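What follows is a single structure, written as structure tokens, with notes after it.
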Amino acid sequence: MYIYIVRHGHEIDGFRGGWSQLGLDDIGILQAKNIADFFKENYVNVKISSIYSSDLNRALQTATIISNAIDVPITTIKNFREVNNGELSGMPNEIASELFPNLFWKRLDWEQKYPNGESPKEFYTRIKNEWELFLRTVKANNQNVVLVTHGGVIQIIFSLLRNVAYSNKNNYISVGCCDIIKIEFESSLNT
């Protein structure tokens, strides 16, 4: 059984991401189409049964382009959203720099929250819990799936897969927009 983790396509520049509902730009749409073509051209080998996606627009747009290419349904999972950056969500970068100078993800302390948002600890806990639930579900089904999500989510997943302590100050894998990461798991079924 394989899980294909896909980071969403390139999003509209000049804004803070997080829980922003901004979508893909033209580059991101092209990236998503290229990934969709890959899954379509290799469908016989990859045999995707389901697509799961964060419900944020940039991930869902990417997942929809893939879904349309291979005619596989999408299930959205809100808990696979990027970090909740609260008041900074979707804010133009120049305004965020004025209102919240030096407030960046890698500078947050473990329990320090974005204004009206999450702390690294809360983000990690949310993703860890959702990943464990997700794994149980997909392993029980024993079918190949795609998960479209965000860079921060993928960092946490890889800290879990490598069994290393997570910190928002570290990167655990280099992943660009619309990169595919293929992870093999044994089914939980006894065969």
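The values are calculated or read from the model by the stated rules, or taken from the named source; none is laboratory data. Note that the coordinates shown come from a computational prediction; the quantities given were computed from them, not determined experimentally. We place every Cβ from the backbone using ideal geometry, glycine too, and count neighbours over all the protein chains shown. The accessibility values were calculated without ligands, DNA or RNA, using every heavy atom of the protein model including side chains. Shrake-Rupley method; radii C 1.70, N 1.55, O 1.52, S 1.80 Å.
Those residues that are outside any helix (DSSP H, G or I) and open to solvent by 20 Å² or more (accessible area, probe 1.4 Å), I need them from the range 134-167; list them, please.
Taking the range 134-167 as the starting set, the residues that turn out to be outside any helix (DSSP H, G or I) are 142-150, 162-167.
Listed by number, the residues that qualify are N142, Q143, N144, R162, N163, V164, A165, Y166, S167.
If you scan the range 104-121, which residues turn out to be open to solvent by 70 Å² or more (accessible area, probe 1.4 Å) and free of Cβ contacts under 8 Å to residues at least 12 places away in the same chain?
Once the filter is applied, which keeps residues that are open to solvent by 70 Å² or more (accessible area, probe 1.4 Å) and free of Cβ contacts under 8 Å to residues at least 12 places away in the same chain, the range 104-121 yields F104, R107, D109, E111, Q112, K121.
Just to be sure I understand the filter: pairs with C-beta atoms under 7 Å, separated by 6 or more residues or on different chains, first member in the range 72-86 and within 19 Å of I156 (Cβ to Cβ) and free of Cβ contacts under 8 Å to residues at least 40 places away in the same chain, second member open to solvent by 20 Å² or more (accessible area, probe 1.4 Å) and of a type in the set (S, T, N, Q). Which pairs pass?
If the second residue must be open to solvent by 20 Å² or more (accessible area, probe 1.4 Å) and of a type in the set (S, T, N, Q), no pairs are left.
Across the range 94-103, what is the number of residues that are open to solvent by 30 Å² or more (accessible area, probe 1.4 Å), closer than 22 Å to F123 by Cα and not aromatic (F, W, Y)? Reasoning before the result, please.
So the first thing to find is which residues in the range 94-103 are open to solvent by 30 Å² or more (accessible area, probe 1.4 Å), and the list is 94-95, 97-102.
From the residues that got through so far, the ones that are closer than 22 Å to F123 by Cα too are 100-102.
Within this subset, residues satisfying the condition of being not aromatic (F, W, Y) are 101-102.
Residues that pass the stated criteria total 2.
Count, please, the residues in the range 168-185 that happen to be on the phi < 0 side of the Ramachandran plot and surrounded by 15 or more Cβ atoms within 10 Å (Cβ to Cβ).
As a first pass, look at the range 168-185 and keep what is on the phi < 0 side of the Ramachandran plot: 168-177, 179-185.
Filter again for surrounded by 15 or more Cβ atoms within 10 Å (Cβ to Cβ), leaving 168, 172-173, 175, 177, 179, 181.
Qualifying residue count for the region: 7.
Would you confirm whether or not the range 109-123 contains a residue that is over 18 Å from S54 (Cβ atoms), in contact with a Leu (Cβ under 6 Å, 6 or more places away or on another chain) and in a loop (DSSP other than H, G, I, E, B)?
No.
Out of I77, I70, I95, which single residue is among the β-branched types (V, I, T) and closer than 18 Å to I180 by Cα?
I70 is the lone residue from the list that is among the β-branched types (V, I, T) and closer than 18 Å to I180 by Cα.
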